[in-house]
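> Got a structure for you, questions after.
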Amino acid sequence: MPRRPDFARWLDETNDVTQTFLAAGQIPGLVNLAGGLPEPDTWPVAELSEFAARAMSEYPAQALAYTPIDGLPDLRDRIAAQYSTGALRLTRDNVLITTGGMQALDLLGKVLLDPGQLVAAQSPAYLGALDAWKPRAPRYRPLVFEDPGFDPQAGLAGAQFAYAVPNFSNPSGRLVPLEQRRALVAAAQATGVWLVEDDPYGHLYYDGPALPHMLALSASGAAVYDGPVIYTGTFSKQLAPGLRVGWVIAAPKVIKALTTAKQGSDMFTSGLCQHIVIEALDRGLPERILPGILDTYRARRDALCAAMAEHLSDHFAWQVPAGGMFVWAVARDAALDTDALMKTGLAHGVCISPSSVFDPLGRDRRAIRVNFTLNPPEVLAEGVRRLAAATRAQLAKAA
């Protein structure tokens with residue numbers, strides 16, 4: 001029998017960490033601290049069920065048929081209105097509806113990257129973005145925002161685009177301060193480089209007021225926004241991830257290019273799910289359930305950090321995040337390989353994400369990302385106890 005052709009080469013460069021932590025929920029007794037997963041009890045199931053039934057009965061043609069590639073005009077109008085300000089003037093021509101936030105990242109890779117081109121990415125970087133762009137085989141320039149010598153203009157110069165998660169970055173949980181946001185926008189304007197602002201956690205502020213989006217900071221007062229920021233969002237954290245409804249806000253020419261790419265991807269985002277989101281927005285559902293989500297996640301963040309302070313402070317250093325879903329902890333001992341710790345942790349009944357998968361070069365093996373939104377406080381405490389035992393065991397192996 002003749003040998004069949006090989007799979008595409010980019011598959012040789014992938015990791016199995018995402019599959020591992022998504023499958024971890026099926027392992028009896030395992031505490032999953034790895035995934036960026038929301039608490040199912042926060043989902044407004046009754047309301048979403050009602051909205052789905054009404055969409056099916058009142059708008060069956062739009063709910064079940066093919067819909068416009070760029071999304072239902074009513075939803076695009078609502079998102080444009082929600083993000084418009086006095087200086088930031090948005091219309092539906094600035095908005096594309098995507099099948100979740102991940103599709104937005106995938107489409108951006110398709111329209112902005114040819115193989116081998118340069119991406120300037122906040123470091124450590126979101127694993128999903130690195131996975132989405134892997135088939136394009138880009139080169140990466142890490143942007144370490146907390147470095148005292150960080151120069152935004154030098155960091156962006158020559159890149160196809162810059163990528164940042166300024167609100168409670170995945171994985172670091174870092175909140176980019178206002179002055180640095182302004183500096184990044186100024187650098188994008190000076191260099192002509194697109195600035196991708198990925199904002200899945202922008203509603204999850206537990207301490208202090210929300211900072212302005214870089215999208216708003218880049219507004220010039222033009223009749224239709226035509227600036228350098230490409231803003232991506234999702235309803236996964238506001239409503240429920242299974243709806244798979246996200247969006248991109250950008251200059252009209254960017255939206256047109258992304259729409260062309262979406263046509264060859266999935267053709268359209270579910271009309272049923274878009275109608276559910278439209279009614280949720282019209283009824284103020286995201287605003288109504290947000291306080292309960294914040295109370296739940298704030299308490300869980302505090303419980304995780306308290307348990308880490310009790311059991312892991314000898315082995316890791318971290319900062320308490322002001323929002324988001326993650327704590328980023330850096331090993332005090334350089335001998336602690338967190339790739340190995342992930343495997344040892346599984347043997348101890350706990351799953352964490354190692355830092356190597358958030359490094360485009362795969363070299364950083366000294367930190368871990370820990371999620372606090374999925375599990376209640378008592379489970380978080382048990383997970384940290386197991387992680388502490390795994391850490392001691394791993395250090396003993398390395399000695």
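> State the number of residues belonging to the range 225-258 that are farther than 30 Å from residue 374 by Cβ and surrounded by 19 or more Cβ atoms within 10 Å (Cβ to Cβ).
Initial filter on the range 225-258 (farther than 30 Å from residue 374 by Cβ): 225-229, 250-258.
From the residues that got through so far, the ones that are surrounded by 19 or more Cβ atoms within 10 Å (Cβ to Cβ) too are 225, 227-229, 250-251, 254-255, 258.
Matching residues across the range 225-258 total 9.
> Quick one: which helices (runs of 4 or more DSSP H) sit completely within the range 32-148 and have at least 3 residues that are open to solvent by 30 Å² or more (accessible area, probe 1.4 Å) and assigned by the TED database to the domain that holds residue 219? First the steps, then the outcome.
On the way: elements: 45-58, 60-64, 73-83, 100-112, 127-133.
By residue number, 45-58, 60-64, 73-83, 100-112.
> Are there any pairs with C-beta distances below 6 angstrom linking a residue in the range 146-166 that is touching a residue at least 40 places away in the same chain (Cβ under 8 Å) and of a type in the set (Phe, Trp, Tyr) to a residue that is crowded, with 24+ Cβ neighbours inside 10 Å and in a strand (DSSP E or B), with the two at least 6 apart or on different chains, and if so which?
Pairs that qualify, where the first residue is touching a residue at least 40 places away in the same chain (Cβ under 8 Å) and of a type in the set (Phe, Trp, Tyr) and the partner is crowded, with 24+ Cβ neighbours inside 10 Å and in a strand (DSSP E or B), are 161/196; 163/121; 163/196.
> Using beta carbons and a limit of 7 Å, which pairs, at least six apart or on different chains, have the first residue in the range 357-378 and open to solvent by 30 Å² or more (accessible area, probe 1.4 Å) and the second one assigned to a strand (DSSP E or B)?
360/121; 360/140; 365/354; 366/330; 366/331; 374/32
> Can I ask one more? Among what's in the range 359-399 and is among the aliphatic types (A, V, I, L, M) and in a loop (DSSP other than H, G, I, E, B), pick the residue that is modelled with the highest pLDDT.
The residue in question is 374.
> Could you tell me how many of the residues in the range 215-242 are under 16 Å from the mean Cα position of the chain (by Cα) and among the hydrophobic types (A, V, I, L, M, F, W, C)? Show your work before the answer.
Within the range 215-242, the subset under 16 Å from the mean Cα position of the chain (by Cα) is 230-242.
Filter again for among the hydrophobic types (A, V, I, L, M, F, W, C), leaving 230, 235, 239-240.
So the answer is 4.
> Identify the residue in the range 286-300 that is more than 18 Å from the chain's Cα centre (by Cα) and under 18 Å from residue 320 (Cα atoms) and, among all such residues, is least open to solvent (accessible area, probe 1.4 Å).
Step by step, filter the range 286-300, then rank; the result is 300.
> Output yes when any residue across the range 286-296 is closer than 30 Å to residue 139 by Cβ and of a type outside the set (Phe, Trp, Tyr), and no when none is.
Within the range 286-296, the subset closer than 30 Å to residue 139 by Cβ is none.
No, every residue in the range 286-296 fails to be closer than 30 Å to residue 139 by Cβ and of a type outside the set (Phe, Trp, Tyr).
> From 195, 178, which residue is in the same structural domain as residue 217 (by the TED database), open to solvent by less than 60 Å² (accessible area, probe 1.4 Å) and over 29 Å from residue 10 (Cβ atoms)?
Details: 195 fails: over 29 Å from residue 10 (Cβ atoms).
One residue alone meets the criteria, 178.
The values are calculated or read from the model by the stated rules, or taken from the named source; none is laboratory data. Every value quoted in this text rests on a predicted model; they were computed, and no experiment measured them. Cβ sites come from the backbone with ideal geometry, for glycine too, and all protein chains shown count toward neighbours. Protein only, heavy atoms only, side chains kept; ligands, DNA and RNA dropped before computing areas. Shrake-Rupley method; radii C 1.70, N 1.55, O 1.52, S 1.80 Å.
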